[in-house]
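What follows is a short report on a single structure.
The values are calculated or read from the model by the stated rules, or taken from the named source; none is laboratory data. In this text, all values refer to a predicted model and were calculated from it rather than measured experimentally. Cβ coordinates were reconstructed from backbone atoms using ideal geometry, including for glycine residues, and neighbour counts include every protein chain displayed. Surface accessibility is based on the protein's heavy atoms, side chains included, excluding ligands, DNA and RNA. Shrake-Rupley method; radii C 1.70, N 1.55, O 1.52, S 1.80 Å.
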Amino acid sequence: MGVQTLGVDNGRDAVDLIAFGVKFDLIIVEKTLPVLNGLDIREMGVRCKMLGVTACSGESERQAFLAAGVDVFIEKPLDPEHLVSILRELDWQW
């Protein structure tokens, strides 16, 4: 699909990359990340689209992600077909 990816070890590293000028179209975050919680990334000034994923299910999990500012929330596993569908949907919103 022509997508370039960059992985980091924790939420703080993602925020640092953005602070150094790296541009992202989409950030995929877990609810629980080392160093900086995935739900706190938006509070750090990140403004790109965000996809929240978690192994935990339930309405409270979904609400926590949406309240934190993610654009899309899904439960794991994040299979390739589902990700492609999400990327296509988000592409219309950019």
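What residues of segment 24-60 lie in the reach of a label at D13, counting those whose backbone N is under 12 Å from a point 7 Å from the Cα along Cα→Cβ? Within reach of a label on D13: 34-36.
When the chain is modelled as a GNM with alpha-carbon springs shorter than 10 Å, which of E43, E81, E61 fluctuates the most? In this elastic network of the chain, the residue with the biggest mean-square fluctuation among E43, E81, E61 is E81.
With a cut-off of 12 Å on the backbone N, the residues of segment 43-79 near the modelled label site 7 Å out from E89 along Cα-Cβ are 51-52, 71-75. Restricting segment 1-93 to trypsin sites (Lys or Arg not before Pro) that sit in a DSSP loop and have at most 16 other Cβ atoms within 10 Å of their own Cβ leaves K23, R47. Taking the protein heavy atoms of the chain in the context of the full set of protein chains, the accessible area attributed to carbon and sulfur is 52 percent at 1.4 Å.
Of all the Cα-Cα pairs you can form in the chain, what percent are over 16 Å apart? Walk me through the intermediate numbers first.
Values: 2344 of 4371 pairs.
Counting pairs separated by more than 16 Å, the tail of P(r) holds 54 percent.
When the chain is treated as a GNM with alpha-carbon contacts under 10 Å, the residue of L66, L83, L36 showing the greatest mean-square fluctuation is L83.
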